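What follows is one structure encoded as structure tokens, with my remarks underneath.
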């Protein structure tokens, strides 16, 4: 991605407030995002919410960067009613890392974090009720991981239930 | 209700009936849950102590499908999320991909898109109004609203052959040009529809039962809306004039003259009132758009094989239910690396717990109705 550095007042205030936590402030297609370290999530989001009025968590999701060492990219979509601006905050965690839950800052994160857990198997430390939300409780595996293939799931089902090899 | 009064006979005998929390399963096949939603109610008598939603019955793995289809192939799938407002789903997806490949739809396509999106807002709100009234025991409105909705669906059918999952738009513009007589048919609908809206209001707005069932029920304040990321009519009913068509205009909405209806109380009645006003505003937008459909091409030059450069984009629109967003990550191939849909219904439904604590069971039905969720979109 040809993202460009984002310079301005907000990035410099953010860097001053959380100097250790921020990796980069970037823009792409006019959309701004901030890359931070996983242990700084609460600090950065609290700063953005309270000091910069980014008080609305539009969305929260993850992307499986299968080949990167910090495998999962967790993306927080913030919106500020006061400035009518959007901002994405991203952090990267590996398979065995547990990012901290932001339900304390944004109650809306409850179901969103459950969905990320359901689809990617990322456990959020401190979530009040982390369990599957869209898939059945007994479901095995995490479908939105890149190593889960629709075709393989289909072949397994045919083998287990019809006792034949799938022709696909 | 159960805390204050003690039956005198029981008191005399000194034996109280043991009261314990009752768990009531509402759904998954309950008419008021509009689809397959299971609501677990924890009750103290008729009062709701706590609510838990069980969702996922309609999960089809839309986001995973998106990763396994090309950008063009995935477009019809998004119509199956909020199937009541398929046009909005398609519009959001097209806009997201267009911004990723840096293409803008031609002027004619943009105006037509606005007309269809607003027609779809009307048909979505009409379906909501009819079924919501039915839930509350008013049988009549559903026949009227479906009569008008039929007119909208006929326009869709004439245009693209489909009534619900229209797939009306393409990446870069439109597949079909307008049919002969489109303007007259749409204008006739708009002109009669305003009077129909007056009729609905005469039936419901001043109706004492309607008011009693909705007033001061399921209040969600503006600050709670923000805490729970609630958007759309629910947020506007709480007094926040937030509408993406005004806040971050797309498809040329900045050129139309319309208002954002808001109310203050944030209760069920205000959500009803906001949606009624929104339909009038949609008519205003459509009438302006019909006057200014420009001539010209309907689709921009789009490469046969779409390979957006590596990157990511988040684009959101004001769907009938709230903010509908698409977050698309491209790795440079012809298939999206990741498609995330930000469904308004999913987040609005989450706030049910906040709204339904302490109300009566019958009020849960009213609250569920005024959230106006579609489970195809909640579960994806």
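The values are calculated or read from the model by the stated rules, or taken from the named source; none is laboratory data. As the structure is a computational prediction, the values presented were derived from the model and not from experiment. Quick reminder, even Gly has a Cβ in these numbers, built from the backbone with ideal geometry, and neighbours come from all protein chains shown.
Name the single residue, out of those in the stretch A:48-64 being more than 7 Å from every other protein chain (Cβ to nearest Cβ) and touching a helix residue (DSSP H, G or I) at 6+ places or on another chain (Cβ under 6 Å), that is nearest to residue A:103 (Cα to Cα).
Filtering the stretch A:48-64 for residues more than 7 Å from every other protein chain (Cβ to nearest Cβ) gives A:48-54, A:60, A:62, A:64.
Now restrict to residues that are touching a helix residue (DSSP H, G or I) at 6+ places or on another chain (Cβ under 6 Å): A:54, A:60, A:62.
On the way: A:54: 15, A:60: 11, A:62: 16 Å.
Among residues in the stretch A:48-64 that are more than 7 Å from every other protein chain (Cβ to nearest Cβ) and touching a helix residue (DSSP H, G or I) at 6+ places or on another chain (Cβ under 6 Å), the one nearest to residue A:103 (Cα to Cα) is A:60.
Identify, from the list B:36, B:54, the residue that is closer than 13 Å to residue B:375 by Cβ, within 13 Å of chain A (Cβ to nearest Cβ) and modelled with pLDDT under 85. Lay out the reasoning, then the answer.
Numbers: B:54 fails: modelled with pLDDT under 85.
So the residue among B:36, B:54 that is closer than 13 Å to residue B:375 by Cβ, within 13 Å of chain A (Cβ to nearest Cβ) and modelled with pLDDT under 85 is B:36.
For residues that are under 15 Å from the mean Cα position of the chain (by Cα) and farther than 30 Å from residue B:246 by Cα, scanning just the stretch A:97-112, find the one that is surrounded by the fewest Cβ atoms within 10 Å (Cβ to Cβ).
From the stretch A:97-112, those under 15 Å from the mean Cα position of the chain (by Cα) are A:97-103, A:106, A:108-112; that's our starting set.
Filter once more, so that each one left must be farther than 30 Å from residue B:246 by Cα: A:97-101.
On the way: A:97: 16, A:98: 13, A:99: 22, A:100: 17, A:101: 21.
Among them, the one singled out is A:98.
Per-residue answers, yes or no, for (1) modelled with pLDDT of 90 or more; (2) assigned to a strand (DSSP E or B); (3) closer than 13 Å to residue A:18 by Cβ:
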{"site": "A:47", "(1), (2), (3)": "yes, no, yes"}
{"site": "A:54", "(1), (2), (3)": "yes, no, no"}
{"site": "A:57", "(1), (2), (3)": "yes, yes, no"}
{"site": "A:60", "(1), (2), (3)": "yes, yes, no"}
{"site": "A:66", "(1), (2), (3)": "no, no, no"}
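Scan the stretch B:54-98 for residues that are within 24 Å of residue A:138 (Cβ to Cβ) and within 14 Å of the chain's Cα centre (by Cα) and jot them down.
Across the stretch B:54-98, there are no qualifying residues.
Out of all the residues in the stretch B:91-112, which are touching a helix residue (DSSP H, G or I) at 6+ places or on another chain (Cβ under 6 Å) and crowded, with 24+ Cβ neighbours inside 10 Å? Talk me through it step by step, then tell me what you get.
Taking the stretch B:91-112 first, the residues touching a helix residue (DSSP H, G or I) at 6+ places or on another chain (Cβ under 6 Å) are B:91, B:93, B:97, B:111.
Residues satisfying the conditions are B:91, B:93, B:97.
Let's see how each residue does on (1) out of contact with any helix residue (DSSP H, G or I) (no Cβ under 7 Å at 6 or more places or on another chain); (2) modelled with pLDDT of 90 or more:
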residue	(1), (2)
B:192	yes, yes
B:198	yes, yes
B:206	yes, no
B:213	no, no
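Working only within the stretch A:119-143, note down all residues that are at the interface with chain B (Cβ under 10 Å from one of its Cβ atoms), surrounded by fewer than 22 Cβ atoms within 10 Å (Cβ to Cβ) and either under 12 Å from the mean Cα position of the chain (by Cα) or under 21 Å from residue B:68 (Cβ atoms) (or both).
Scanning the stretch A:119-143 gives A:135, A:139, A:143.
Would you point out which residue out of B:140, B:70 is farther than 24 Å from residue B:299 by Cβ, surrounded by fewer than 17 Cβ atoms within 10 Å (Cβ to Cβ) and touching a residue at least 40 places away in the same chain (Cβ under 8 Å)?
On the way: B:70 fails: farther than 24 Å from residue B:299 by Cβ.
Among B:140, B:70, only B:140 is farther than 24 Å from residue B:299 by Cβ, surrounded by fewer than 17 Cβ atoms within 10 Å (Cβ to Cβ) and touching a residue at least 40 places away in the same chain (Cβ under 8 Å).
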